[in-house]
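Have a look at the structure below before the remarks.
What follows is calculated from the coordinates using simple rules that are stated; it is not laboratory data. A quick note: this is a predicted structure, and the numbers were derived from the prediction, not measured. Cβ coordinates were reconstructed from backbone atoms using ideal geometry, including for glycine residues, and neighbour counts include every protein chain displayed.
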Amino acid sequence: TATQERRGFEAEVSRLLHLMVHSVYSDREIFLRELVSNASDACDKLRYEAITAPDLLSNGTELAIAITADPKAGTLTIADTGIGMDREDLIANLGTIARSGTAAFLDRLSGDKSKDLSLIGQFGVGFYSSFMVADKVRVISRKAGTDQAYQWESDGEGSYIIDEAEKAGHGTEIILHLKDDAKDFLERPWLERTLRKYSDHIAVPISLKVCGTEKEGETDKAETVNSGSALWTRPKSELSDDDYTEFYRHVAHSPEEPALVIHTKAEGVISYSALLFVPGQRPLDLFDPSRKPRVKLYVKRVFITDDTEELLPGYLRFLKGVVDSEDLALNISREMLQNNPVVARIRKAVTNKVLSEIEKRANKDKDAYEKIWEAFGPVLKEGLYEDAGRRDTLLKLSRFKSTHGDAWVSLADYIGRMKDNQKAIYYVTGTDAEAVKRSPQLEGFRARDVEVLLLSDPVDDFWLSAISEFDGKPFKSVTRGGSDLKDLSNGENNTSDEAKSAEDDTEDMVALSALLKGILGDQVADVRASDRLTETAACLVADDNGLDMHLERILRQHNQ
Ligand code: ADP
Ligand code: MG
């Protein structure tokens, strides 16, 4: 027809779809979770829009999700009465990949199928996972507040067709024409089990109907398969680990298990509930500067936004989940969230709660905590200079590599091992963990068994320039000149060989220093004999009053 248009997928989508269509991915049943999750998001969005435009829901339609299996036709349909999509939405949402982290994800696709599939398992591919089970997908949608419906159809091979369509009422219908080897997904027991497992936490009712299974004299009946209440409002005692995991997968758009679940409810000066998760793995775009905290804000069970930076500090941007406030007005606009005193109070309370739960985990389960630290430590450390008020808490949570074996070390561990006459917490920074470990600056410390923290995250130089001490002990870089090794020499060694040979060498050293200074000229401030080296002949050090060397290098790179 004249309204019909065939369009090519964005190149990245084509790559992804090719993998989907030809995949032998063992967990392909996850398509159902993804589609129900999208349907639920669509209902959330409409409920929000209807706060300011009540007409959108005035026709009496309830927000709901309906699943229909038709074994005869070989189709599975996932329908919702949510916000719907118009032509532009269909093109933008189902022809491109706008999800954050997608670029990083695609960069890591290697062309090696088995590797790429396991990566998909980590990333979660959303709508496109339909093509793991269907050889044709048709989407019929009508955007709330509009009269014209559209359809989108594709076999997942390079292009899709978009056209006008007929549809009563707003919302979206996704019709999957199942592949021959995917017909099992039409069986009622599997559908019931899977929907219960994946979707019990979904806050709108989900009904299931399987055509042709009615008993004699009955018509096909739809039955509701979920409890339909917001999970975070239910008491902890009613919820299982699986409930939390499935909810996490829904809000995080991730197929994994969370590393830590924080479920809390506050009543009093401020009333809110929060269900937050520390993800099991570092997301691919964690350090993307445009990445924002992505916790969903609800007001009295109504979704408001997942696009606010006000709810959590930036250094907790890895958290996923929901905060539901009783105190905000339902019709609060996204703009009004900025500088809002209620939001500020929630942020303070939630941040404290999150840090205390993380601390509890650190005290209770060292291994589990170290995994969290490995994934998110570099982000948490941003809080050391951004959030002066919680500096001590964050320093206590911080873990470091050190010259003292391969294990993670806390500052308390370090202080417990300090030498009797040691006054400072020594560290060395650099951009590469291995190079830092081999730094010649460490030789003298190693020889005297003085522990040095090995810091190689980009944020380390920043927080170190903002923090002077922990527990009364100053942080001190080993590259600062005139370092304290003499005082740290353990008595015995000092008086015997080392000291004597040092005396013998004095005259030669003076001559050598003068010679080197002559050669190096302006390039150095001074040439001195040093206690810090045991194997290497010479090394560069920073002046006592000057900047740490690595920091100086970083600043030079930024032309400062
Ligand atoms: P994600 O859910 O992570 O955004 P998806 O691939 O699952 O990614 O979906 C892509 C986009 O398509 C969604 O963000 C949404 O805008 C749109 N979409 C998908 N399903 C629906 C639906 N049932 N109703 C309305 N919009 C939808
Ligand atoms: Mg989705």
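General remarks:
- Percentage of interatomic Cα-Cα distances in the chain larger than 34 Å: 52 percent
- Over 21 Å (Cα to Cα) - which of 143/300; 371/423; 419/486 fall in this group: 143/300; 371/423
- Phi angles of region 133-147 translate, via the Karplus equation with coefficients 6.51, -1.76, 1.60 and θ = phi - 60°, into HN-Hα couplings of 10, 10, 9, 8, 10, 10, 10, 10, 9, 9, 6, 4, x, 10, 9 Hz per residue; Gly and Pro are given as x.
- Of the GluC sites (Glu not before Pro) found in region 142-204, those that fall in a DSSP loop while having at most 11 other beta-carbon atoms within 10 Å are 166.
- Counting neighbouring beta carbons within 10 Å and listing from fewest to most, the residues 107, 285 come out as 107, 285.
- In terms of other Cβ atoms within 10 Å, 227, 154, 141 run from fewest to most in the order 227, 154, 141.
- Cα centroid separation - region 424-485 against region 258-287, whole Å: 33 Å
- Extension gain for residue 540-residue 487 works out to 17.0 nm (0.36 nm per residue, less the C-alpha to C-alpha distance).
- Averaging over all projection directions, the Cα-based convex hull of region 70-210 occupies 9.9 nm² in the image plane.
- The stretch between residue 159 and residue 309, if pulled fully straight at 0.36 nm per residue, gains 50.3 nm over its current Cα-Cα span.
- Ordered by the count of other Cβ atoms within 10 Å of each Cβ, fewest first, 484, 449 give 449, 484.
- Residue-by-residue Karplus 3J(HN,Hα) for region 170-177, coefficients 6.51, -1.76, 1.60, Hz, glycine and proline x: 7, x, 9, 10, 10, 10, 9, 8
- Values of log10 I(q)/I(0), in the order q = 0.15, 0.16, 0.21, 0.27 Å⁻¹, for region 158-239 under a Debye, Cα-only, solvent-free model: -0.83, -0.91, -1.15, -1.30
- Residues in region 151-185 that a label on residue 22 would reach, taking backbone N under 19 Å of a point 7 Å out along Cα→Cβ: 155-160, 179-181
- Rounded to 5, percent antiparallel among DSSP beta bridges of the chain: 80 percent
- With contacts taken as Cα pairs under 8 Å at a separation of at least 6 residues, the chain carries a relative contact order of 10 percent.
- The amide H of residue 476, built 1.01 Å from its N in the peptide plane, has 425, 426, 427 as neighbours under 5 Å, considering only residues 5 or more places off or on other chains.
- Applied to region 245-250, the Karplus parametrisation 6.51 cos²θ - 1.76 cosθ + 1.60 on θ = phi - 60° returns per-residue 3J(HN,Hα) values of 4, 5, 5, 4, 4, 5 Hz, with x for Gly and Pro.
- Trypsin sites (Lys or Arg not before Pro) restricted to region 1-87 and DSSP loop, no more than 10 other C-beta within 10 Å: 72
- In a reduced charge model with +1 at each Lys and Arg Cβ and -1 at each Asp and Glu Cβ, the chain shows a dipole moment near 940 debye about its Cα centre.
- Amide H contacts under 5 Å for residue 304, placed H, 5+ residues apart: 297, 298, 299
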